[in-house]
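Participant: Have a look at this one before I ask anything.
The values are calculated or read from the model by the stated rules, or taken from the named source; none is laboratory data. These numbers come from a predicted model, not from an experiment. Glycine gets a Cβ as well: all are built from the backbone with ideal geometry, and neighbour counts include every protein chain shown.
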Amino acid sequence: MNGMRIPSKPDLVTPEWLTARLNASGAPGTVTDIRAHPVGTGQMGENARFELVGEGPLPTTLVGKFPSTSDLSRQLAVAVNNYAREVFFYSHLAHTVEIQSPRCFAAEFDPESHDFVLILEDLAPGVQIEQMSECSTDEAALALEALAKLHGPRWGDPSLADIPLLATLHMEGQATSPYQAFLEAFRHRYEARLEPGELAIAEAFAKVQNAYANINAPRTIIHIDYRLDNMMFGGPHPLTVFDWQSVNHGHALQDVSYFLGTSVSSERRAHEERALLKHYLDVLSSFEVRLGWNECWQLYRHFAPAGLNMSVLVSTLVGETERGNDMFLAMAKRSIAMCEDLETMSLLLKSA
């Protein structure tokens, strides 16, 4: 790090540090002044937009990402190596896949303190769709096309299993799954806003955790939190995907089910999901991936609880906010509706 400490907060980023990082990444110029403004609503990290003043062909603005200022959120991020994973993605994985992620000018991580910093291209004037809203069918198709460009290039790559940071986030084969451990806290927080039938499906999923986790299915690089809050439509690129804190070596269809189960309305998803899934398969085939429709559809049904699973695991662990509560509840409800439509609990019970 050339003797410079990692600037783990926006106000620690100096013109000298930023100049050195930009120059090392191939961006010429000298930064003489920086103005920082908070941006985004991240649950696990803090973001800032930097306005740059200086000499040479500098970017006008950049975005910095830093550890969360919430002790609870930071503790969770450290426990599951979120910060290390994201820095690893930009440093070692981004160039090996074809999904569009932000250009990264600096990615640094301290394994002892878990301090980190990412300096990324500003995606303005792109549009981030509100997670509690939904994307259009065309936007969903674009997102699934991008997802195939993430999954396809490293599909079945055995070397991914040898990367410790890409180890699975859930504890397979444990007597009590993380989902079971946190379901009671989730129910306590949201019970008044869930219908009895929705709670019944959430509880039924707790009984089929081993069947959900232990499945012989294609593995590749997956995002895990692939949803609207982590996407920018338009701006420098048609679609850019960010927040790679949970990047993993896992099952491809988990990302697909998670996205369609959290980022479009239940009605639109039920009407369009087969056509959208076929579009994903078409793009995936361009990477010489052979995944038949029947297998794909069964895996899609299998992973329908992905949004519910994430909501239960994370909602009571990160710092609580009104928006966060509304977001996790919306994700859970849509995911539960997907499970009901696709009869996923019956499918998992048969394989338990």
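Participant: Only one of A275, A270 is surrounded by fewer than 18 Cβ atoms within 10 Å (Cβ to Cβ), part of a helix (DSSP H, G or I) and in contact with an Asp or Glu (Cβ under 9 Å, 6 or more places away or on another chain); which? Give the steps one after another, and end with the answer.
Facilitator: Details: A275 fails: in contact with an Asp or Glu (Cβ under 9 Å, 6 or more places away or on another chain).
Every option except A270 fails the conditions.
Participant: OK, next. Output the number of the condition that I6 fails; it satisfies all remaining conditions of (1) farther than 19 Å from D229 by Cβ; (2) free of Cβ contacts under 8 Å to residues at least 60 places away in the same chain; (3) β-branched (V, I, T).
Facilitator: (2)
Participant: As an exercise: evaluate I163 against (1) in contact with a helix residue (DSSP H, G or I) (Cβ under 9 Å, 6 or more places away or on another chain); (2) surrounded by 19 or more Cβ atoms within 10 Å (Cβ to Cβ); (3) more than 16 Å from R227 (Cα to Cα); (4) at pLDDT 95 or above and give the number of the one condition it does not meet.
Facilitator: I163 satisfies all of (1) in contact with a helix residue (DSSP H, G or I) (Cβ under 9 Å, 6 or more places away or on another chain); (2) surrounded by 19 or more Cβ atoms within 10 Å (Cβ to Cβ); (3) more than 16 Å from R227 (Cα to Cα); (4) at pLDDT 95 or above except (2).
Participant: Report whether or not E322 is in the same structural domain as A217 (by TED's automatic domain parsing), in contact with a Phe, Trp or Tyr (Cβ under 9 Å, 6 or more places away or on another chain) and exposed (fewer than 15 other Cβ atoms within 10 Å of the Cβ). Steps first, please.
Facilitator: Values: in the same structural domain as A217 (by TED's automatic domain parsing): yes; in contact with a Phe, Trp or Tyr (Cβ under 9 Å, 6 or more places away or on another chain): no; exposed (fewer than 15 other Cβ atoms within 10 Å of the Cβ): yes.
No: the conditions fail for E322.
Participant: Shifting gears a bit: Write out, first by first residue and then by second, each pair whose Cβ atoms fall under 6 Å of each other, whose residues are 6+ apart or on separate chains, and whose first residue, in the range 114-141, is closer than 19 Å to W17 by Cα while the second is acidic (D, E).
Facilitator: Taking only residues 6 or more apart or on different chains, the pairs are V117/E108.
Participant: A follow-up question, please. Do you know which residues across the range 61-77 are modelled with pLDDT of 95 or more and surrounded by fewer than 18 Cβ atoms within 10 Å (Cβ to Cβ)?
Facilitator: The answer is T61, and nothing else.
Participant: Give the residue that is nearest to L281 (Cα to Cα), with candidates limited to residues of the range 247-257 that are free of Cβ contacts under 8 Å to residues at least 60 places away in the same chain and part of a helix (DSSP H, G or I).
Facilitator: Step one: list which residues in the range 247-257 are free of Cβ contacts under 8 Å to residues at least 60 places away in the same chain, which gives 251, 253-254.
Subsequent filtering for residues that are part of a helix (DSSP H, G or I) retains 253-254.
Details: L253: 11, Q254: 14 Å.
Once the filter is applied, the top-ranked residue is L253.
Participant: Mind listing just one residue for me: the one in the range 101-157 that is assigned to a loop (DSSP other than H, G, I, E, B) and among the aliphatic types (A, V, I, L, M) and, of those, surrounded by the most Cβ atoms within 10 Å (Cβ to Cβ)? Steps first, please.
Facilitator: Narrowing the range 101-157 to residues assigned to a loop (DSSP other than H, G, I, E, B): 101-103, 110-115, 122-126, 128-136, 155-157.
Subsequent filtering for residues that are among the aliphatic types (A, V, I, L, M) retains 123-124, 129, 132.
On the way: L123: 21, A124: 15, I129: 17, M132: 14.
So, considering only residues that are assigned to a loop (DSSP other than H, G, I, E, B) and among the aliphatic types (A, V, I, L, M), the one surrounded by the most Cβ atoms within 10 Å (Cβ to Cβ) is L123.
Participant: Which of the helices (runs of 4 or more DSSP H) contained wholly in the range 290-352 include at least 2 residues that are more than 16 Å from the chain's Cα centre (by Cα) and over 15 Å from E203 (Cβ atoms)?
Facilitator: Numbers: elements: 293-302, 306-315, 322-342, 344-351.
Of the helices (runs of 4 or more DSSP H) lying wholly inside the range 290-352, those with at least 2 residues that are more than 16 Å from the chain's Cα centre (by Cα) and over 15 Å from E203 (Cβ atoms) span 293-302, 322-342, 344-351.
Participant: Restricting the search to the range 115-141, which residues are more than 19 Å from the chain's Cα centre (by Cα) and either at positive phi or not small (G, A, S) (or both)?
Facilitator: At the first step, the residues of the range 115-141 found to be more than 19 Å from the chain's Cα centre (by Cα) are 115, 124-125, 136-138.
Scanning the range 115-141 gives D115, P125, T137, D138.
Participant: Let me ask you something else. Being surrounded by fewer than 21 Cβ atoms within 10 Å (Cβ to Cβ), part of a helix (DSSP H, G or I) and outside the structural domain of F89 (by TED's automatic domain parsing) is the requirement here; does F186 meet it? Before the answer, list the steps.
Facilitator: Details: surrounded by fewer than 21 Cβ atoms within 10 Å (Cβ to Cβ): no; part of a helix (DSSP H, G or I): yes; outside the structural domain of F89 (by TED's automatic domain parsing): yes.
For F186, the condition - surrounded by fewer than 21 Cβ atoms within 10 Å (Cβ to Cβ), part of a helix (DSSP H, G or I) and outside the structural domain of F89 (by TED's automatic domain parsing) - is not met.
Participant: When you go through A252, A304 one by one, which is the residue that is buried (at least 23 other Cβ atoms within 10 Å of the Cβ), in contact with a Pro (Cβ under 8 Å, 6 or more places away or on another chain) and under 24 Å from C339 (Cα atoms)? Before the answer, list the steps.
Facilitator: Values: A304 fails: in contact with a Pro (Cβ under 8 Å, 6 or more places away or on another chain).
Criteria check complete, one pass: A252.
Participant: Restricting attention to the range 198-217, which residues are free of Cβ contacts under 8 Å to residues at least 40 places away in the same chain, out of contact with any Lys or Arg (no Cβ under 7 Å at 6 or more places or on another chain) and part of a helix (DSSP H, G or I)?
Facilitator: Within the range 198-217, A200, E203, A206, Q209 meet the criteria.
Participant: Which condition number in (1) acidic (D, E); (2) modelled with pLDDT of 95 or more; (3) farther than 27 Å from N325 by Cβ is the one that E86 fails?
Facilitator: Of the numbered conditions (1) acidic (D, E); (2) modelled with pLDDT of 95 or more; (3) farther than 27 Å from N325 by Cβ, the odd one out for E86 is (3).
Participant: Additional query: Can you name the residue in the range 5-57 that is farther than 21 Å from E86 by Cβ and among the β-branched types (V, I, T) and, of all such residues, is surrounded by the most Cβ atoms within 10 Å (Cβ to Cβ)?
Facilitator: So the residue we want is V31.
Participant: Residues that are in the same structural domain as L147 (by TED's automatic domain parsing), farther than 17 Å from F259 by Cα and at pLDDT 95 or above: does the range 328-337 have at least one? Explain how you work it out, then say what you get.
Facilitator: Our first condition is that a residue be in the same structural domain as L147 (by TED's automatic domain parsing); within the range 328-337, this holds for 328-337.
Next, only the ones that are farther than 17 Å from F259 by Cα stay: none.
No, every residue in the range 328-337 fails to be in the same structural domain as L147 (by TED's automatic domain parsing), farther than 17 Å from F259 by Cα and at pLDDT 95 or above.
Participant: Out of the residues in the range 332-352 that are hydroxyl-bearing (S, T, Y) and surrounded by 23 or more Cβ atoms within 10 Å (Cβ to Cβ), state the one that is nearest to M132 (Cα to Cα). It would help to see each step written out before you state the result.
Facilitator: Just the residues of the range 332-352 that are hydroxyl-bearing (S, T, Y), to begin with: 335, 344, 346, 351.
Still in the running and surrounded by 23 or more Cβ atoms within 10 Å (Cβ to Cβ): 335, 344.
Working: S335: 13, T344: 23 Å.
Top of the filtered list is S335.
Participant: Now, a different point. Can you tell me which condition F89 does not meet? The list is (1) free of Cβ contacts under 8 Å to residues at least 24 places away in the same chain; (2) crowded, with 16+ Cβ neighbours inside 10 Å, and all the others hold.
Facilitator: Looking at each condition in turn, F89 falls short on (1).
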